[in-house]
Each structure stands twice: as C-alpha cells, then as structure tokens.
Ligand SMILES: NC(=O)c1ccc[n+]([C@@H]2O[C@H](COP(=O)([O-])OP(=O)(O)OC[C@H]3O[C@@H](n4cnc5c(N)ncnc54)[C@H](O)[C@@H]3O)[C@@H](O)[C@H]2O)c1
C-alpha cells in the first residue's frame, strides 16, 4: 500500500506495547484507527493518546481467540466504515514452562490466542480488504518463529506457524493488491514478560528485569511495520539478536539450533541452579522396569484383558 492516510487500520492487542505503538504510528500517518483488545482500560489509554494528537479512533473489546466475537467485530467494522485496509494481528501471550511438565490447557490457550487470533483476524477482515480493492495484513511472529526457544514450546509453535501462515497467504494473495507481512521482533520493552505465565518465578523476575534493561522500544517495531506496509515487505526483522540468529540459522541451521539450546539452558541454570534437577529426578524415577522382571504370563494376561 503506497498510502496509509485515510485508510481504515485495525490493530489487535492495541492496549499495550507493540500494539499501542503501532496504533499511534499508523494514526500519525493519517490512518483511522480501529482498536481491539481484551483489556478495555489499556485500549482506552491508547485511544486517548491518538485522539489527543487529533487522530480518529474507536475501541472494541474483543477476545481474538473467540471465533464468533472476531466475526462480529469484523461485521461491526464493516457497518461503521464499510471496509478495512490494514489489519495488524498483534495480540499475543507467552507461557514459559517446560513441555514435559506443562498442562495442555495452557498450550491450547497460547495456540488459541497467538495462532487462531491471527487466522480469525485475517479470515474475517480479508473480505473487507477485497471490497476496498487494496489492503495489507501484518502478523506478529517473533524471533521465536525463526529459532527454537527451550521452555517456550507452545509459544514457538505458534510463532513458527504464524510465519508459515503469513507466507502461504501472501503467495495466495499475490496479484490481488493485498500484501502480507510477518514481523519478527527480538526483545522489546513491553508488558509481555510481566503478563506471561512463567512457572519458574526466579526466571520471571529476571526476565522482567532484562526486558526493562535491554529491551528495545516498541516504537522501533511500529516504525518498521509502517515501512513494511508502505513497501509491501514479506518479512520484517527487528533488533540485532534477530538479525544475528536469522543469519546463523540460514548458514548453519543445526549448529545454530544447538548453540541456542545450550545458551538458553545455561542461562536458565545460571538463574536457577535447581533448573533441570527436577526433570532429571522425575525421569529417573519414571524409568520403565526391566522387561525380565515382569512375568511373561502376566504380560500376556494384561494384553488379553486390554
Ligand atoms: N515484547 C517482545 O519482546 C516480543 C517479541 C517478539 C514478539 N512479540 C509479540 O508481539 C505481540 C505483542 O506483544 P507485546 O510485547 O506488545 O505484549 P503486551 O503484553 O505488552 O501486549 C499484548 C496485548 O495483547 C492483549 N491481549 C492478550 N490476549 C488477548 C486476547 N485474547 N484478545 C485480545 N487482546 C489480547 C493484551 O491485553 C495486551 O494489551 C505478541 O504477539 C508477542 O508475542 C513480543
């Protein structure tokens, strides 16, 4: 899209961090902002910032993981504006927990928000873009969608999927005047570390501290998103660690993954010396007994009973 001014821009997760900064950046370019978030007060704060600068904005309390709510939201935007041009599928959460100990409800929640939220946002707003004759979909992935992150299997699963979804959709929409971009930030100073469920509390404290100290400002991501919409870029990398790991992964994929796993596991052990011990103890006690200690007849019986 060459022009953002006067275009209708929908941003999910607009009540904080990257979503807020992107909403403000799009409003500064003259877009009409449609904000969505589950957190009403955060979203209203973003709306106040936009309105104070003279922008046009509306707020919609929506859970992106709720298919019907997202469908209704798109219908509401169609009723209000007739069409939509830009959708930034940004709302997301993180859960830090080792897969072996994790519960599947948490895994499902991450998939519902981080992946299905992106799919619903694209699916229900795409007809409004086709109606407008032009559009751009921006999906927020992560550095965790480029290289694996131990302790974040559910998060990584969704972020790799968002990248695959975005590239597939971009290919399908080529020639229809609708672009698709996947965005891969590294560490950004937002609320995500605080808002994430982190089972290891020592780790959460350190993460919050690290994000505050070393995280880059969300405006950095926002400005790159605006530029990507204007120049129809397939992929946006943000922060030096993302560029570095992306290059490493392309040139030596196995080595890059092994290095990252070692680094992350050592990092966690340095924060919490108990890390890994619990799992080792668990897997020792859970080791199967030798086959010879189980009488052949009883095995046959239980097989028959099953
Ligand atoms: N901060 C980082 O370092 C970083 C790095 C890579 C990727 N990301 C991604 O960027 C996106 C934005 O995260 P952020 O860092 O700004 O975090 P944040 O916690 O500051 O903001 C996330 C926003 O999403 C909203 N949200 C959460 N669940 C929702 C739901 N079900 N429906 C609607 N809104 C919901 C929250 O209320 C919040 O306003 C996420 O997809 C995240 O995975 C962040």
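Only one of the listed residues (245, 234) is under 20 Å from the mean Cα position of the chain (by Cα), within 14 Å of the ligand (Cβ to nearest atom), over 24 Å from residue 15 (Cβ atoms) and in contact (Cβ under 8 Å) with a residue 24 or more places away in the chain. That residue is 245. For the range 101-111, indicate whether the set of residues that are under 30 Å from residue 3 (Cβ atoms) and either more than 15 Å from the chain's Cα centre (by Cα) or at pLDDT 95 or above (or both) is non-empty. Checked the range 101-111: no residue is under 30 Å from residue 3 (Cβ atoms) and either more than 15 Å from the chain's Cα centre (by Cα) or at pLDDT 95 or above (or both).
The single condition among (1) surrounded by fewer than 17 Cβ atoms within 10 Å (Cβ to Cβ); (2) in contact with a strand residue (DSSP E or B) (Cβ under 7 Å, 6 or more places away or on another chain); (3) modelled with pLDDT under 95 that residue 96 does not meet is (1). For the range 19-30, the set of residues classified as in contact with a helix residue (DSSP H, G or I) (Cβ under 9 Å, 6 or more places away or on another chain) and in a loop (DSSP other than H, G, I, E, B) consists of 29 only.
Per the conditions (1) within 13 Å of the ligand (Cβ to nearest atom); (2) closer than 23 Å to residue 274 by Cα; (3) without any contact (Cβ under 8 Å) to a residue 40 or more places away in the chain, the sole criterion not satisfied by residue 209 is (1). Note on the range 14-73: residues that are on the phi > 0 side of the Ramachandran plot and more than 10 Å from the ligand (Cβ to nearest atom) amount to 2. Note on the range 130-147: residues that are farther than 18 Å from residue 108 by Cα, touching a helix residue (DSSP H, G or I) at 6+ places or on another chain (Cβ under 9 Å) and buried (at least 17 other Cβ atoms within 10 Å of the Cβ) total 10. Regarding residue 118, is this residue within 21 Å of residue 170 (Cβ to Cβ) and either modelled with pLDDT under 95 or within 9 Å of the ligand (Cβ to nearest atom) (or both)? Spelling it out, residue 118 is indeed within 21 Å of residue 170 (Cβ to Cβ) and either modelled with pLDDT under 95 or within 9 Å of the ligand (Cβ to nearest atom) (or both). Look through 146, 140, 188, 178 and report the one residue that is more than 15 Å from the ligand (Cβ to nearest atom) and in contact with a strand residue (DSSP E or B) (Cβ under 9 Å, 6 or more places away or on another chain). The match here is 178. On inspection, residue 154 fails the criterion of being assigned to a helix (DSSP H, G or I), over 21 Å from residue 106 (Cβ atoms) and either touching a residue at least 12 places away in the same chain (Cβ under 8 Å) or within 11 Å of the ligand (Cβ to nearest atom) (or both).
In the range 97-120, which residues are more than 17 Å from residue 160 (Cβ to Cβ), out of contact with any helix residue (DSSP H, G or I) (no Cβ under 6 Å at 6 or more places or on another chain) and in contact (Cβ under 8 Å) with a residue 40 or more places away in the chain? Once the filter is applied, which keeps residues that are more than 17 Å from residue 160 (Cβ to Cβ), out of contact with any helix residue (DSSP H, G or I) (no Cβ under 6 Å at 6 or more places or on another chain) and in contact (Cβ under 8 Å) with a residue 40 or more places away in the chain, the range 97-120 yields 97, 98, 100, 101, 102, 106, 109.
The values are calculated or read from the model by the stated rules, or taken from the named source; none is laboratory data. None of the values given here were measured: they were computed from a predicted structure. In this analysis, Cβ positions are derived from the backbone assuming ideal geometry, glycine residues included, and neighbour counts consider all displayed protein chains.
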